[in-house]
Amino acid sequence: MKLIVTGGAGFIGGNFVHYLLNKHKDYEVICLDKLTYAGNLESLKSVMSNQNFKFIRGDITDRDTIFSVFTQERPNIVVNFAAESHVDRSIEDPSIFLQTNVIGTQVLLDACRKHRIDRFHQVSTDEVYGDLPLDRPDLFFTEETPIHTSSPYSASKAAADLLVQAYHRTYGLPITISRCSNNYGPYHFPEKLIPLMIANALNDKPLPVYGKGENIRDWLYVEDHCSAIDLILHKGTVGEIYNIGGHNERTNLEVVQTIIRELGKGKIQFVKDRAGHDLRYAINPNKIHKELNWLPATNFDEGIKKTIQWYLDNRFWWESIISGEYQNYYEKMYGNR
Ligand code: NAD
Ligand code: TYD
């Protein structure tokens, strides 16, 4: 079995590469990644010398490169994690989100069609469903919830999902799609809520909470996302969408207060809200549980402790990221907030 994992130098893709190589010792895994600001080869350092692993630097929007990689490598399975993934950046400038998330997905789909791939798996997000009201805790996203996006990021992910489904219906391409809730864990880029708050607290910087901090996210430990995708690849039904989530809803304020408590330091600063800020995400994971017998192994209380410990043990990993270009980004996003 030979897999191409696009975006494998990023947060979830990197965790998935480690997961695959550990779990399936006979699989060949190729990470194809452009190495944008979010890609970091340091996250793959421990597998670089693994004989079953290969890294190829490439851009999924570059048709010639992608087609020649497919011709050369002849993969059976492609798992597409490659994306621009940060909502705040998509609000600043949507263009690259459309380019990578939509056109890049189309290039991959075309290459998969040409090479009669066994499976194309699209890693999508619960954000394609839009948001739920804060005062209706009885409501959850199912696979039948209509697409109703809020940010340029989620709009681009929804467009990609529709394209993936169109390639299945029109050309019979064997696809699956997963829509997961917010992930957290090792190798998470410190522009996202949890790693940002850990890094700021450790560096005695204020912890910027948008609005009143009442927005709710449904947090999943990244390894549980990896196990779900692995299961979908092996046992999922072609053409289907699977929601992934573990009923770990928390308000942003609760998340940040937990981090402060665990670290014994950190000062919250309420800042201007995000434009179009989604109120609540909450996944109904019944389908993947019933059909594939998937359940998450790590709950939030345990996972946040493991994550904080990882950031304490791997300071060099995130400290090297938050120097240089990141400083410009931080100043632009938070300077006048
Ligand atoms: P990330 O930003 O950490 O990593 C993205 C990776 O894609 C990086 O390594 C980057 O270099 C690479 N990349 C970007 N543009 C590329 C291009 N044109 N060609 C090749 N590689 C390119 O993202 P993440 O948080 O790991 O998310 C991975 C996927 O999972 C995304 O598709 C995202 O939409 C989805 N997702 C994320 C979450 C979450 O909580 N982070 C939740 C659900 C779904
Ligand atoms: P984020 O990690 O960007 O993920 P997403 O927007 O895809 O859910 O943000 C998670 C939540 O945390 C979201 O409600 C926005 C909020 N947030 C803050 O309050 N402060 C911050 O500095 C960041 C980055 C996010």
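Being away from ligand 2 (no atom under 16 Å from the Cβ), without any contact (Cβ under 8 Å) to a residue 40 or more places away in the chain and not in a strand (DSSP E or B), is that true of even one residue in the range 220-243?
Within the range 220-243, one or more residues are away from ligand 2 (no atom under 16 Å from the Cβ), without any contact (Cβ under 8 Å) to a residue 40 or more places away in the chain and not in a strand (DSSP E or B).
Please specify each residue of the range 74-99 satisfying the condition of being touching a residue at least 60 places away in the same chain (Cβ under 8 Å) and β-branched (Val, Ile, Thr).
Ile77, Val78, Val79, Val87, Ile91
Being within 14 Å of ligand 1 (Cβ to nearest atom), of a type outside the set (Asp, Glu) and more than 21 Å from Trp310 (Cβ to Cβ) narrows it down to one of Gly245, Gly239, Gly185, so name that one.
None of the other options fit; the residue is Gly245.
Select from the range 84-100 the residues that are more than 10 Å from ligand 1 (Cβ to nearest atom) and part of a loop (DSSP other than H, G, I, E, B) and write down the one among them that is farthest from His121 (Cα to Cα).
Asp93
Here's a check for you: in the range 168-181, which residue that is of a type outside the set (D, E, K, R) and buried (at least 21 other Cβ atoms within 10 Å of the Cβ) is farthest from ligand 1 (Cβ to nearest atom)? Step through it out loud before you land on a result.
Step one: of the range 168-181, the residues of a type outside the set (D, E, K, R) are 168, 170-178, 180-181.
If we keep only those that are buried (at least 21 other Cβ atoms within 10 Å of the Cβ) too, we end up with 173, 175-178, 180-181.
Working: Leu173: 18, Ile175: 15, Thr176: 14, Ile177: 11, Ser178: 8, Cys180: 4, Ser181: 7 Å.
Out of the qualifying residues, it is Leu173.
Among the residues of the range 1-16, write down those that are within 13 Å of ligand 1 (Cβ to nearest atom) and not polar (S, T, N, Q).
Scanning the range 1-16 gives Ile4, Val5, Gly7, Gly8, Ala9, Gly10, Phe11, Ile12, Gly13, Gly14, Phe16.
Where residues in the range 207-243 are β-branched (Val, Ile, Thr) and under 18 Å from the mean Cα position of the chain (by Cα), which of them is nearest to Gly10 (Cα to Cα)? Step through it out loud before you land on a result.
Restricting attention to the range 207-243, the residues satisfying the condition of being β-branched (Val, Ile, Thr) are 209, 216, 222, 229, 232, 237-238, 241.
Okay, now just the ones that are also under 18 Å from the mean Cα position of the chain (by Cα), so 216, 222, 229, 232, 241.
Values: Ile216: 24, Val222: 12, Ile229: 16, Ile232: 21, Ile241: 23 Å.
Out of the qualifying residues, it is Val222.
Scan the range 132-149 and tell me whether some residue there is at pLDDT 95 or above, of a type in the set (D, E, K, R) and within 13 Å of ligand 2 (Cβ to nearest atom).
no
Within the range 292-311, identify whether any single residue is out of contact with any strand residue (DSSP E or B) (no Cβ under 8 Å at 6 or more places or on another chain), within 16 Å of ligand 1 (Cβ to nearest atom) and not acidic (Asp, Glu), and answer yes or no.
Yes: one or more hits.
Quick one: what pairs do we get from the range 14-41, first residue closer than 23 Å to Glu191 by Cβ, second of a type in the set (Phe, Trp, Tyr) and part of a loop (DSSP other than H, G, I, E, B), C-beta under 6 Å, 6+ apart or different chains?
Gly14/Tyr187; Ala38/Phe189
On the basis of being of a type in the set (D, E, K, R) and either buried (at least 22 other Cβ atoms within 10 Å of the Cβ) or in a helix (DSSP H, G or I) (or both), does Glu254 make the cut?
On the way: of a type in the set (D, E, K, R): yes; either buried (at least 22 other Cβ atoms within 10 Å of the Cβ) or in a helix (DSSP H, G or I) (or both): yes.
Yes.
Which one is nearest to ligand 2 (Cβ to nearest atom) among residues in the range 100-131 that are buried (at least 24 other Cβ atoms within 10 Å of the Cβ) and of a type in the set (A, V, I, L, M, F, W, C)?
That would be Val128.
Can you say whether Gly246 is over 25 Å from Gly13 (Cβ atoms) and either touching a residue at least 60 places away in the same chain (Cβ under 8 Å) or not in a helix (DSSP H, G or I) (or both), as far as the supplied structure shows? Don't jump to the end; show me each part of the working.
Working: over 25 Å from Gly13 (Cβ atoms): no; either touching a residue at least 60 places away in the same chain (Cβ under 8 Å) or not in a helix (DSSP H, G or I) (or both): yes.
Criteria not met by Gly246.
Of these, Tyr27, Tyr19, which one is away from ligand 1 (no atom under 11 Å from the Cβ), within 16 Å of the chain's Cα centre (by Cα) and farther than 30 Å from Ser95 by Cα?
Tyr19
The values are calculated or read from the model by the stated rules, or taken from the named source; none is laboratory data. Just so we're clear, the structure is a prediction, and the values are computed from it rather than from any experiment. Note that each Cβ is placed from the backbone with ideal geometry, even for glycine, and that neighbours are counted across all protein chains shown.
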